[in-house]
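These notes are about the structure you will find just below.
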Amino acid sequence: MGTLIDIRLNRYSKIYSENEHIRGTIIIQSKSEIKHDGVVLSMEGHVNLQLSSKTVGIFEAFYQSIKPIQLLCYQIELLKPGKISAGKTECNFEFPLRARNTKTLYETYHGVFINIQYSMKCEIKRSFLIGTTLSKGTEFIVEYGNSTALTSSASSVSPSAAFIANDLLKPAEMKRVDFDMVSESGNKFGLFKAHGHIDSATCPITKPFTGEIIIDRAEFPIKSVEVQLVRVETTGCSEGYAKDASEIQTIQIGEGNIIKGLPIPIFMIFPRLFSCPTLLTTNFKIGKSMVLGQHNMVS
């Protein structure tokens, strides 16, 4: 075993909200004494944007100027240049989770063309030995607190967004939405009729998406009924915007030839890292949509 570095945060979940303090401990373990030029810990938050291959070349101005958007950047010196004794060394740290300048801290999100990521990195600098700087990184998650999302500027979270942060919805905003699904006889799906409802089109991201569907009539036997969560990512600038949709997850809510007239519950938990409250900003937008479908067994 050489030298090992570990970053341990005070929260096992690694979930924090803006204006909170991130506390933890850096643990350095080594069999022998280490000479170094300082031990530093940095914390950064970035929004990384990219265009899909089908739109590269269309928006040259955006493609050439595309750079990560820095949301926060802090650095502290844990140990001054010197030596670290053999064995186990612990260094406690604390960072305020605040955006730099007029930036807004968005929720952590891992998408296809948009990534919002927050991380820490500890480095043991050793400039006297080229290429021997030791480092260790870790990611932590930022979520909106109850007083963060809807009090921020209009460039962050839209109050009328389809997916919002935490439990900020008032009961009056939870409006049931009824829907009908109809397919006429003669097409590949045959005659098909169904109806149902979703409990709210505006959904707290931490609560499940719920509702129900009832199959009234189906000309062909049904194989399955599924609900698909789709991300809609938009990137660009004044020259133009590129919008791309991609699947986040699909769940099956019914299997086999469903009994007609039987209510089928819709229940989906949002995958936290791959979904976030709807965002509307100058250079990017993140939205979501639900697709409800059924598969027929057609000979």
Scan the range 75-94 and tell me whether some residue there is small (G, A, S), in a strand (DSSP E or B) and at pLDDT below 95. yes
State which residue is nearest to the chain's Cα centre (by Cα) when the search covers only the range 185-229 and only residues that are under 30 Å from L279 (Cα atoms) and modelled with pLDDT under 90. I205
Residue match in the range 88-97 (condition: under 31 Å from the mean Cα position of the chain (by Cα), farther than 14 Å from G38 by Cα, of a type in the set (K, R) and open to solvent by 70 Å² or more (accessible area, probe 1.4 Å)): no
Could you tell me how many of the residues in the range 234-289 are assigned to a strand (DSSP E or B), aliphatic (A, V, I, L, M) and either touching a His at 6+ places or on another chain (Cβ under 7 Å) or within 23 Å of Y144 (Cα to Cα) (or both)? 5
For the range 1-36, enumerate the residues that are part of a strand (DSSP E or B), open to solvent by 50 Å² or more (accessible area, probe 1.4 Å) and farther than 15 Å from K121 by Cβ. L4, I15, H21, R23, Q29, K35
How about the range 74-111: which of its residues are of a type in the set (A, V, I, L, M) and within 23 Å of V142 (Cα to Cα)? I76, L97, A99, L105
Being within 27 Å of I69 (Cα to Cα), touching a residue at least 24 places away in the same chain (Cβ under 8 Å), outside any strand (DSSP E or B) and of a type in the set (S, T, Y), is that true of even one residue in the range 199-206? yes
Working only within the range 217-263, note down all residues that are among the aromatic types (F, W, Y) and under 27 Å from V182 (Cβ atoms). F220
Criterion: under 31 Å from the mean Cα position of the chain (by Cα), closer than 30 Å to E233 by Cβ and modelled with pLDDT of 90 or more - qualifying residue of L71, L41, L49: L71
What single numbered condition from (1) at pLDDT 95 or above; (2) out of contact with any strand residue (DSSP E or B) (no Cβ under 9 Å at 6 or more places or on another chain) fails to hold for Y12? (1)
Of all residues in the range 123-138 being aliphatic (A, V, I, L, M) and part of a strand (DSSP E or B), the one that is surrounded by the most Cβ atoms within 10 Å (Cβ to Cβ): I124
Restricting attention to the range 261-284, report how many residues are at pLDDT 85 or above and either open to solvent by 80 Å² or more (accessible area, probe 1.4 Å) or among the polar types (S, T, N, Q) (or both). 8
Count of residues meeting criterion [among the polar types (S, T, N, Q), touching a strand residue (DSSP E or B) at 6+ places or on another chain (Cβ under 7 Å) and open to solvent by 20 Å² or more (accessible area, probe 1.4 Å)] in the range 98-122: 3
Going residue by residue through the range 100-117, is there one that turns out to be under 26 Å from D37 (Cβ atoms) and under 34 Å from the mean Cα position of the chain (by Cα)? no
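The values are calculated or read from the model by the stated rules, or taken from the named source; none is laboratory data. As the structure is a computational prediction, the values presented were derived from the model and not from experiment. Glycine also receives a Cβ, built like all others from the backbone with ideal geometry; neighbour counts cover every protein chain displayed. Heavy atoms of the whole protein, side chains included, go into the accessibility calculation; ligands, DNA and RNA do not. Shrake-Rupley method; radii C 1.70, N 1.55, O 1.52, S 1.80 Å.
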